[in-house]
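One structure is given here, and the rest of the page talks about it.
The values are calculated or read from the model by the stated rules, or taken from the named source; none is laboratory data. Just so you know, these numbers come straight off a predicted model, no measurement behind them. Quick reminder, even Gly has a Cβ in these numbers, built from the backbone with ideal geometry, and neighbours come from all protein chains shown.
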Amino acid sequence: MQAFRIIIIFSSIILICIIFLLNFLLSYYFHDGPNKKSNTVLIEKGLGLREISGVLSQNGILLKPKIFTFLIKIKRLENNLKAGEYIFPANVSPKKIYETLSEGKTILRSITIIEGNTINQIIEKIRTTDGLTGRIINFPKEGDVLPETYYFSWGESKQKIIDLMMKSMTIKLNDEWLKRSQEIFIKNKREAIILASIIEKETSLSNEKSLVSSVFHNRLRIGMRLQSDPTVAYGLMIKNNHELKKIKSKDIKVHTMYNTYLNYGLPPGPISNPGLDSIKAALNPKRTDYLYFVANGRGGHNFATKYSDHITNIKKWKKIVNSKKRKN
């Protein structure tokens, strides 16, 4: 009888301890964390559960990291935790920490590719963007990338983001090709990108792109040289391995494959990576008789059908430029 009482007492003590322990663990798991403000934490790939707990503790987000490790391990949930860059709100509980890490709710970073950038400029931007990792193996060609804003999580590979940019261009180009005007002087998608890349460098105004496109289409139709300054600049950049800030009259006399002052038709390849508006303009030019355009000194261009009118527009532009110089 005495032994039975001892067993009952001992069992009761154990039960009380278990209840106390469970209550303590549950209280810990659901209780607010120590951080008084939101924290950004990087969980690198390859870290184990103990190391992750240590990182969270070092960043002031997690108290008693050993208990957190024990709880996750006993529930066999350690394989659910994902690497990445996270924002943890103020007073985040261990439960919320686990949910955030297991659901992979990482911070989304962004990289914006500007319309008209060359492929070298784009590659350099990708190479120097913080958070992208790895080597670039499959290099895109000029005109293969669609300029826009792309989102990624820390640790994303550089190759993956490039592949996404190339895929976006393919999808958009295919869509716009189906909507193209049947009267355009463009034979295939490659030529569409070449023309769009020139339009992109000629004007940044969306409402002008279809007008610029009409000038080039009209010239192609009658066998007239495109005479586009950006093609000269690109050809010289390829030839001399450095970018020209400004085209001079002597530059248009230098022979390159891209010089549309000396060569007829489209250049052999794109001179930039055009945006969607320029692609649309290349495939759907406005119906005009324009053969010429020149800067109007106010950010846009004046268009003309006759050469005499074009000369008049050039004189107007020079007058505005000279007036600005005098003021400065």
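I need the full set of residues from region 198-218 which are in contact with a Phe, Trp or Tyr (Cβ under 9 Å, 6 or more places away or on another chain) and part of a helix (DSSP H, G or I), in order please. Walk me through it before giving the result.
Initially, region 198-218 is screened for residues in contact with a Phe, Trp or Tyr (Cβ under 9 Å, 6 or more places away or on another chain), giving 198-199, 201-203, 208, 211-212, 214-218.
Of everything in region 198-218, those that are in contact with a Phe, Trp or Tyr (Cβ under 9 Å, 6 or more places away or on another chain) and part of a helix (DSSP H, G or I) turn out to be ILE198, ILE199, LYS201, GLU202, GLU208, LEU211, VAL212, SER214, VAL215, PHE216, HIS217, ASN218.
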> Of the residues that sit in region 296-309 and are small (Gly, Ala, Ser) and outside any strand (DSSP E or B), which one is surrounded by the most Cβ atoms within 10 Å (Cβ to Cβ)?
Replying inline: GLY297
>> What pairs come out if I take residues in region 304-323 that are touching a residue at least 40 places away in the same chain (Cβ under 8 Å) and pair them with residues that are assigned to a helix (DSSP H, G or I) and of a type in the set (Phe, Trp, Tyr) whose C-beta lies under 8 Å away, six or more apart or interchain?
In response: none
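Mind listing just one residue for me: the one in region 276-321 that is touching a helix residue (DSSP H, G or I) at 6+ places or on another chain (Cβ under 8 Å) and among the polar types (S, T, N, Q) and, of those, nearest to ASN188 (Cα to Cα)? If you could, list the steps in order and put the result at the bottom.
Looking only at region 276-321, we keep the residues that are touching a helix residue (DSSP H, G or I) at 6+ places or on another chain (Cβ under 8 Å), and these are 276-298, 300-304.
Narrowing the set further to residues that are among the polar types (S, T, N, Q) leaves 278, 284, 288, 296, 302.
Details: SER278: 16, ASN284: 14, THR288: 22, ASN296: 33, ASN302: 29 Å.
Filtering first and then ranking leaves ASN284.
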> Consider ILE67 against the criteria (1) free of Cβ contacts under 8 Å to residues at least 40 places away in the same chain; (2) over 33 Å from the mean Cα position of the chain (by Cα); (3) crowded, with 16+ Cβ neighbours inside 10 Å: it satisfies all of them except one. Which criterion is unmet?
Replying inline: (1)
> Do we find that ASN284 is more than 30 Å from the chain's Cα centre (by Cα) and modelled with pLDDT of 95 or more in this structure?
Replying inline: no
> Just checking, which of LEU266, LEU226, LEU262, LEU236 is under 28 Å from TYR307 (Cβ atoms), in contact with an Asp or Glu (Cβ under 7 Å, 6 or more places away or on another chain) and part of a loop (DSSP other than H, G, I, E, B)?
Replying inline: LEU266
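From the list LYS286, LYS248, exactly one residue is touching a residue at least 12 places away in the same chain (Cβ under 8 Å), in a loop (DSSP other than H, G, I, E, B) and of a type in the set (Lys, Arg). Which is it? Even if it seems obvious, please write down each step before you answer.
Details: LYS248 fails: touching a residue at least 12 places away in the same chain (Cβ under 8 Å).
Exactly one of LYS286, LYS248 is touching a residue at least 12 places away in the same chain (Cβ under 8 Å), in a loop (DSSP other than H, G, I, E, B) and of a type in the set (Lys, Arg), namely LYS286.
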>> Suppose we filter LEU101, LEU146 for residues that are surrounded by 18 or more Cβ atoms within 10 Å (Cβ to Cβ), closer than 30 Å to ILE67 by Cβ and of a type in the set (A, V, I, L, M); which single one remains?
In response: LEU101
> Would you call ILE222 of a type in the set (A, V, I, L, M), within 22 Å of the chain's Cα centre (by Cα) and assigned by TED's automatic domain parsing to the domain that holds GLY297?
Replying inline: no
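Condition test on ILE198, is it crowded, with 23+ Cβ neighbours inside 10 Å, under 27 Å from GLU148 (Cβ atoms) and in contact with a Lys or Arg (Cβ under 7 Å, 6 or more places away or on another chain)? Even if it seems obvious, please write down each step before you answer.
Numbers: crowded, with 23+ Cβ neighbours inside 10 Å: yes; under 27 Å from GLU148 (Cβ atoms): yes; in contact with a Lys or Arg (Cβ under 7 Å, 6 or more places away or on another chain): no.
Considered against the rule, which asks whether it is crowded, with 23+ Cβ neighbours inside 10 Å, under 27 Å from GLU148 (Cβ atoms) and in contact with a Lys or Arg (Cβ under 7 Å, 6 or more places away or on another chain), ILE198 comes out as no.
Right, ALA3: at pLDDT below 65, of a type in the set (A, V, I, L, M) and not assigned by TED's automatic domain parsing to the domain that holds TYR151 or not? Give the steps one after another, and end with the answer.
On the way: at pLDDT below 65: yes; of a type in the set (A, V, I, L, M): yes; not assigned by TED's automatic domain parsing to the domain that holds TYR151: yes.
It is true that ALA3 is at pLDDT below 65, of a type in the set (A, V, I, L, M) and not assigned by TED's automatic domain parsing to the domain that holds TYR151.
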>> As an exercise: evaluate GLY116 against (1) surrounded by fewer than 17 Cβ atoms within 10 Å (Cβ to Cβ); (2) under 22 Å from SER272 (Cβ atoms) and give the number of the one condition it does not meet.
In response: (1)
> Only one of ASN263, ASN207 is under 28 Å from LYS172 (Cα atoms) and either in contact with a Pro (Cβ under 9 Å, 6 or more places away or on another chain) or surrounded by fewer than 20 Cβ atoms within 10 Å (Cβ to Cβ) (or both); which?
Replying inline: ASN207
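Conditions (1) in contact with a His (Cβ under 6 Å, 6 or more places away or on another chain); (2) of a type outside the set (Lys, Arg); (3) farther than 30 Å from THR170 by Cα; (4) surrounded by fewer than 21 Cβ atoms within 10 Å (Cβ to Cβ), marked per residue:
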{"position": "LYS245", "(1), (2), (3), (4)": "no, no, yes, yes"}
{"position": "LYS253", "(1), (2), (3), (4)": "no, no, yes, yes"}
{"position": "GLY269", "(1), (2), (3), (4)": "no, yes, no, yes"}
{"position": "ASP277", "(1), (2), (3), (4)": "no, yes, no, yes"}
{"position": "ALA282", "(1), (2), (3), (4)": "no, yes, no, no"}
{"position": "LEU291", "(1), (2), (3), (4)": "no, yes, yes, yes"}
{"position": "VAL294", "(1), (2), (3), (4)": "no, yes, yes, yes"}
{"position": "ILE311", "(1), (2), (3), (4)": "no, yes, yes, yes"}
{"position": "LYS319", "(1), (2), (3), (4)": "no, no, yes, yes"}
>> Just the residues that are assigned to a helix (DSSP H, G or I) and under 16 Å from PHE88 (Cα atoms), please, taken from region 39-64.
In response: ILE52, SER53, GLY54, VAL55, LEU56, SER57, GLN58
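Could you tell me which of the residues ILE137, ILE111, ILE126 is loosely packed, with under 12 Cβ neighbours inside 10 Å, among the aliphatic types (A, V, I, L, M) and in contact with a helix residue (DSSP H, G or I) (Cβ under 9 Å, 6 or more places away or on another chain)? Steps first, please.
Values: ILE111 fails: loosely packed, with under 12 Cβ neighbours inside 10 Å; ILE126 fails: loosely packed, with under 12 Cβ neighbours inside 10 Å.
The conditions single out ILE137.
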